[in-house]
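The next block holds one structure in the form of structure tokens; read it before the comments.
Throughout, read-outs are computed from the coordinates displayed, never taken from laboratory work. Worth saying up front: this structure is predicted, and the values here are computed from it rather than measured. Methodologically, a virtual Cβ is constructed for each residue, glycine included, from the backbone with ideal geometry; neighbour enumeration extends over all protein chains shown.
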Amino acid sequence: MKLSTGYVRASGYAHKVRRVLFALARKMVEPKEIIRASGELNQRIFEEFQRLGVSKEDVVRITVEFEVKDGTIVWDYDTLKIEVYKKSEEEKLAKAMEEVEERERELEEKIKALEEVALNIKKLSDELIEKIEELKQEHTSLKLREES
């Protein structure tokens, strides 16, 4: 599998790595493993940032491949790629980053709205099942009264 952060400010890479990894691996490994693996990767990325002279205002895009072995996330560091766009070059990227950040906000709002709809559907489903059970009980008690 491949983790890709998309464009993100260097100051926010760790949070983005953790979020993306949760989205990719939450059904394959325990949450504790995702936290451990993202911490390990984030440490490696931080070391690379220092080597590359990345400042927190710079924009980066990070990709790396991984696999899951026996419930453990194993990074293929040979595939780690960090694209860096310096703040000094950021005029062109500033507009793109604004768009990306706005789209992320819109996506989060839409996801939140869908989660609310899903919760309402579940609530209605539970109420429907409850009403069906009540009808079954009423029907059964009517049958018993008829038979007596």
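Numbers at a glance
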quantity	calculated
Label-point separation, residue 74 to residue 138 (7 Å along Cα→Cβ), nm	6.1
Reachable lysines from residue 2, criterion Cα separation under 21 angstrom, eight or more residues apart if same chain	16, 27, 32, 69, 81
Of 99, 67, 134, the one that fluctuates the most in a GNM where the chain has Cα springs shorter than 10 Å	134
Given (i) 118; (ii) 101; (iii) 136, the label whose value is volume of the Cα convex hull per residue in Å³ derived from this model	(iii)
The stretch 1-85 - percent relative contact order, Cα under 8 Å, separation 6 or more	38
Positive-end residue of 117, 80, 94, charge dipole of the chain with Cβ unit charges	80
Residue 125/residue 102 FRET efficiency (R0 35 Å; Cβ-Cβ; nearest 0.05)	0.50
Among 40, 138, 115: highest mean-square fluctuation, GNM of the chain, C-alpha pairs under 10 Å	138
